[in-house]
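Each reported figure results from applying straightforward, stated rules to the coordinates on display, with no laboratory input. Here the structure is a predicted model, which is why all the values come from computation and not from measurement. Here the Cβ is made from the backbone with ideal geometry for all residues, glycine too, and neighbour counts use every protein chain on show.
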There are 2 protein chains.
Amino acid sequence: MAAQRGEGDGVVTSPEAPADVRERARAIPEAAVARLAVYLRVLSGMVEQGVTTISSEELAGAAGVNSAKLRKDLSYIGSYGTRGVGYDVEVLVSHIERILGLTRKHSVAVVGIGNLGHALANYGGFPSRGFPVAALFDIDPDLTGVPVGGIPVNHIDDITSVCAEREVSIGVIATPPQAAQAVCDRLVSAGVQCILNFAPVVLQVPDYVEVRKVDLAVEMQILSFHVARRADEAAGDVVNGIGVDGVVIRP
Amino acid sequence: MAAQRGEGDGVVTSPEAPADVRERARAIPEAAVARLAVYLRVLSGMVEQGVTTISSEELAGAAGVNSAKLRKDLSYIGSYGTRGVGYDVEVLVSHIERILGLTRKHSVAVVGIGNLGHALANYGGFPSRGFPVAALFDIDPDLTGVPVGGIPVNHIDDITSVCAEREVSIGVIATPPQAAQAVCDRLVSAGVQCILNFAPVVLQVPDYVEVRKVDLAVEMQILSFHVARRADEAAGDVVNGIGVDGVVIRP
DNA sequence: ATATGTGAAAGCGTTCACAGCA
DNA sequence: TGCTGTGAACGCTTTCACATAT
């Protein structure tokens, strides 16, 4: 069992393999993949505004990164810009969509229909971006059959059959922490290889399963750290003889 | 305006400053901070189970990292273990809490009381971890005064006064994307320096404001990328002359 | 004997700066 | 001239491996 990230997958590739899309996809850094998704969103907005061409500088500004990083990220997926001009927005959109695997539909199952599960089931951002919510599960028998966001809730015991039948490829865990590992195990045995985990638990999964986690408490605590750091810095600068306004108090 | 991360904060510190907590806090890598929050959660569970001592190996396993990384992370906050024995759980908990600034209360304001806002307002994980939800805001006048999760919703126009009065230090944006930047600007002018953004928008903020984002569509697309990569690899291995089971098909 | 704490090495990701092309 | 694409330099993060302490 590997925790949270498959480290080294042992797939054999021939040494003289051409640097084609397959090999290239493998080489894209995880951080760049996350940013490609952001570029794609910004570019989609551009298409709606009727923008046809964009420079790395402009796109980078809109995506909140610097232009060197943007160009490097785009270079991982190929060279689709025109020197001296910029990028064709639609061309870029279609290449990023291809690399991110968005030409294919990814059915989603949400497990745990509490506050968060409700919100996720009703969230319009998923279906509109090629991630239809195909199944909902909860352990509460009273919820079974009740439609949420237009989809009837199934009992958690039916995960295996329902996920197989509806070709679910992404499982979303929105259960209480105590239930998360058991739910995860069921999803994995149902053949789900990608999991988005909202429960504050470190899931143990086989190497071939990809887990991403969204942990609100952790996000809050990182923000808290920065609040504290700032307060300490302000105090520390005075202690070190320099006030926050740069005036030397103790030279 | 800097986007999403203050790069270089220009604070002057004297060169002979002692390597005390203040200086150390500044030196902790961002990645380590996120993991410290995870260690804290695992350790809190240990306390409840009555565990008093734990080794780096055990804690690392429970947190889903390797023990070298765990020890390095803990070394950033000081040396609180006992060689040949391990760490005192309670001692570690209190030191991590101090570093993360959790000895201080951080009031939270949630803006945008839709599906997600409701879920966040009702989410028990915040108050129980020192992040009381102190204010809720929405633009819909019909919602004003309606209590959600025990807190009455205020109108978005009152952000400045209410946030100041209730000493809000963290703002959570759960609005539609179109409204996010305007809400962010209001939070910032209300003195909020930390923002957790659920809206799929790149927020523009001054350097001194810390933004963290949770973007569900991006998470989904990263998972989609891995689905695609796996499919390509499986196909690619055959194309390259080697089947998935290692058998050479085209030597 | 056993497990921490940490320099040093290795690995990744970001930034620089400029060659190359329209 | 202007902007992309990218090798090289840089800095951050992880891993290694062992000195150090109980």
| said: Expected output is a single nm value to one decimal: the length gained when fully extending between A:ARG71 and A:ARG166, i.e. 0.36 nm times separation in residues minus the C-alpha distance. What is it? | reply: 30.3 nm
| query | What is the fewest-to-most order of B:ASP207, A:ASP88 by other Cβ atoms lying within 10 Å of their Cβ? | reply | B:ASP207, A:ASP88
| task | Write down the radius of gyration of region A:180-219 and its Dmax, each obtained from C-alpha positions, in Å. | result | 10.0, 31
| request: Please list, in chain and number order, the residues 5+ apart from B:GLY101 or on another chain whose amide H is under 5 Å from its amide H, with Hs placed from the backbone. | output: none
| message | Report for region A:107-214 the percent antiparallel among DSSP-assigned beta bridges with both residues inside it, nearest 5. | response | 10 percent
| remark: Mean separation of Cα contacts under 8 Å (at least 6 apart) over the residue count of region B:82-181, i.e. the relative contact order in percent, is 31 percent
| task | Could you pull the copy-to-copy label distances for B:GLY145, with points set 7 Å along Cα to Cβ, in nm to one decimal and sorted shortest first? | result | 4.0
| Semi-axes of the equivalent ellipsoid of region A:17-99: what are they in whole Å, largest first, if each equals the square root of 5 times a C-alpha gyration tensor eigenvalue? | 20, 13, 12
| Nearest-to-axis residue of chain A, judged by Cβ, for the A-to-B rotation, with distance in whole Å? | A:ALA119, 2
| query | Taking the Cβ of B:PHE198 as the center, what net charge do the other residues with Cβ under 11 Å away carry, scoring Lys and Arg +1 and Asp and Glu -1? | reply | 0
| note | From fewest to most C-beta neighbours within 10 Å, the residues A:SER107, B:SER75 line up as B:SER75, A:SER107
| field | Pseudo-label separations to other copies for B:PRO206 - Cα-to-Cβ vector, 7 Å, nm | value | 5.4
| query | Is there a simple number for the mean count of other chain Cβ atoms within 10 Å of the Cβ of residues in A:32-41, and what is it? | reply | 5
| query | Applying the Karplus parametrisation 6.51 cos²θ - 1.76 cosθ + 1.60 with θ = phi - 60° to the phi angles of region A:214-231, what ³J(HN,Hα) value in whole Hz is obtained for each residue in order, glycine and proline being reported as x? | reply | 10, 10, 5, 5, 5, 4, 4, 5, 5, 4, 4, 4, 6, 4, 5, 4, 5, 4
| remark: Most exposed to least, judged by fewest other Cβ atoms within 10 Å, A:ARG41, B:ARG212 sort to B:ARG212, A:ARG41
| remark: Scoring region A:17-99 by relative contact order with C-alpha pairs under 8 Å, at least six apart, yields a percentage of 37 percent
| Set A:LYS213/B:LYS69; B:LYS105/B:LYS213; A:LYS69/B:LYS69 screened for pairs whose C-alpha atoms are more than 24 Å apart | A:LYS69/B:LYS69
| field | Using a 7 Å Cα-to-Cβ projection, B:GLU57 label spacings across copies, nm, ascending | value | 5.8
| Cβ-defined net charge surrounding A:LYS105, 12 Å radius [Lys, Arg +1; Asp, Glu -1] | +2
| Counted charge near A:ILE170, where neighbours are those whose Cβ lies closer than 14 Å (Asp, Glu -1; Lys, Arg +1) | +4
| request: Collect residues whose amide H, placed 1.01 Å from N in the peptide plane, falls under 5 Å from the amide H of B:THR53; neighbours closer than 5 in sequence don't count. | output: B:VAL89
